[in-house]
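Read-outs: derived from the displayed coordinates by stated rules, not from any lab. Computed from a predicted model, the values in this text were never measured in an experiment. Note that each Cβ is placed from the backbone with ideal geometry, even for glycine, and that neighbours are counted across all protein chains shown.
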Amino acid sequence: MWLKARCELAYRLQQATPFLFMLRPRSSPTQWIAQETYKISPNTPVTEENDKYGNFCQRIVAPAGEFSLSTEAIVRTAAAADVNLAAQFISVPDLPGNVMEFLLPSRYCESDLLNAKTLEIVAGSALGYQQVEQICRWIRQEVAYVPGSSNHPISTIDIMDKGEGVCRDLAHVGIALCRSICIPARMVVGYLHGLEPMDIHAWFEAYIGGKWYTFDPTQSNLQGGRISIAQGRDAADVAISNQYGPSAYPHHMFVDVQEIDGP
């Protein structure tokens with residue numbers, strides 16, 4: 001399917017402020033970026049680089065006053081999610097080196113404290129894809145998806161105690177539980193067609209059967225129509241914007257995803 005995705009951000013800055021944005025999706029085996037625009041006002045120099053995960057990062061020193069940017073991408077992506085109930089668990093000695101770090105605890109995913117809980121959750125599930133699917137079912141039952149309920153990331157254990165969270169929080173729970181039973185897992189942020197309310201969305205991927213599969217605890221039926229913008233260990237790696245200096249939150253943010261016939 002073809003999607004047109006847009007994101008607009010606007011700030012009122014008290015002083016010149018360094019930013020690092022991650023707002024440009026990249027072509028990959030699961031998506032093709034056919035067209036893209038990136039607009040900044042006022043016109044400001046941009047330095048672009050790739051981070052260690054291959055994400056496109058835009059470094060900008062925004063001037064004081066009104067500052068805005070907008071992006072638009074036309075992307076071909078899968079209309080349905082790739083599901084494989086037979087995808088098998090891969091033992092740690094057989095994992096590729098570049099996925100090993102996605103087994104480790106990270107800032108928001110205390111996987112080293114959750115092994116016993118996860119074994120309880122997945123008891124009776126076939127090793128691999130079905131374990132991750134069972135983890136997602138458990139999250140949907142035990143952690144309510146409440147858009148707008150959290151402005152700042154908190155740890156997985158705090159989310160589980162709280163019993164509710166935004167998409168980022170539910171993804172953190174899935175990642176931590178997967179890692180606790182030696183299934184590599186990583187966070188993804190991007191666009192999801194049909195999301196209500198529309199916003200930048202977060203989900204996670206697990207490495208099973210020799211590839212990364214998408215999982216989304218916020219959705220009762222796993223949907224396609226996704227555009228990945230960034231991926232990493234957890235929310236600390238994939239924020240669409242980071243500012244350095246006094247806090248600067250956008251006074252305007254708009255996200256829109258529409259299905260189209262093609263570029």
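Could you tell me which helices of the chain pass both thresholds, a Cα extent of 18 Å or more along their own axis and a mean Kyte-Doolittle hydropathy of at least -0.5, with helices taken as whole DSSP H runs?
167-180
Scaled to the compact-protein estimate 2.2 N^0.38 Å, what is the alpha-carbon radius of gyration of the stretch 1-139, rounded to two decimal places? Each step should come with its number before you reach the end.
Values: Rg = 20.6 Å, N = 139, 2.2 N^0.38 = 14.3 Å.
The stretch 1-139 yields a ratio of 1.44.
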Once the piece of chain linking H152 and N242 is laid out straight, how much longer is it, given 0.36 nm per residue of separation minus the C-alpha distance between them?
-> 31.1 nm
Rounded to the nearest 0.05, FRET efficiency between I33 and M253 (Cβ-Cβ, R0 22 Å) equals 0.50
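Using 0.36 nm per residue, how much length does the chain from E49 to R107 gain when fully extended, once their Cα-Cα distance is taken away?
Details: separation 58, 0.36 × 58 = 20.88 nm, distance 2.36 nm.
The E49-R107 span can extend by a further 18.5 nm.
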Cβ-derived FRET efficiency at R0 25 Å, E164 paired with A123, nearest 0.05 | 0.50
222 nm [θ] for the chain, helices only, -39500 (n - 2.57) per DSSP H run of 4+, per residue, to 500?
-> -5000 deg cm²/dmol
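What translational diffusion coefficient, to the nearest whole µm²/s, does the chain have by Stokes-Einstein, given a Kirkwood radius computed over alpha-carbon pairs, a temperature of 20 °C and 1.002 mPa s viscosity?
Translational D for this selection: 112 µm²/s.
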Under 1.5 on a/c is rounded, so check that first for the stretch 163-260, then, if it is not, pick prolate when a/b is larger than b/c and oblate when it is not; a ≥ b ≥ c are the square roots of the alpha carbon gyration tensor eigenvalues.
-> oblate
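Find how much the distance from S41 to R76 grows on full extension, using 0.36 nm per residue of separation minus their present alpha carbon separation; answer in nm with one decimal. Intermediate results must be reported in sequence, preceding the final value.
Numbers: separation 35, 0.36 × 35 = 12.60 nm, distance 2.82 nm.
Taking S41 through R76 to full extension adds about 9.8 nm, to one decimal.
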Straight-distance crosslink candidates among aspartates and glutamates, where the alpha carbon sits under 16 Å from K162 and sequence neighbours closer than 8 are dropped = E110, E142
Which ³J(HN,Hα) values, rounded to whole Hz and listed in residue order, are derived for the stretch 58-67 from phi using the Karplus coefficients 6.51, -1.76 and 1.60 in 6.51 cos²θ - 1.76 cosθ + 1.60 with θ = phi - 60°, glycine and proline given as x?
-> 10, 9, 9, 9, 6, x, 4, x, 6, 9
Suppose every K and R has +1 on its Cβ and every D and E has -1 on its Cβ; what is the size of the dipole of the stretch 92-238 about the Cα centre, in Debye to the nearest 20?
-> 220
Computed E for M100/E66 - FRET, C-beta separation, R0 41 angstrom, nearest 0.05 | 0.35
How large is the charge dipole for the chain, taken about the Cα centre, if only the Cβ atoms of Lys, Arg (+1) and Asp, Glu (-1) carry charge, to the nearest 20 debye?
-> 300
Principal axis dimensions, largest first and in whole angstrom, of the stretch 92-238 by Cα = 41, 30, 27
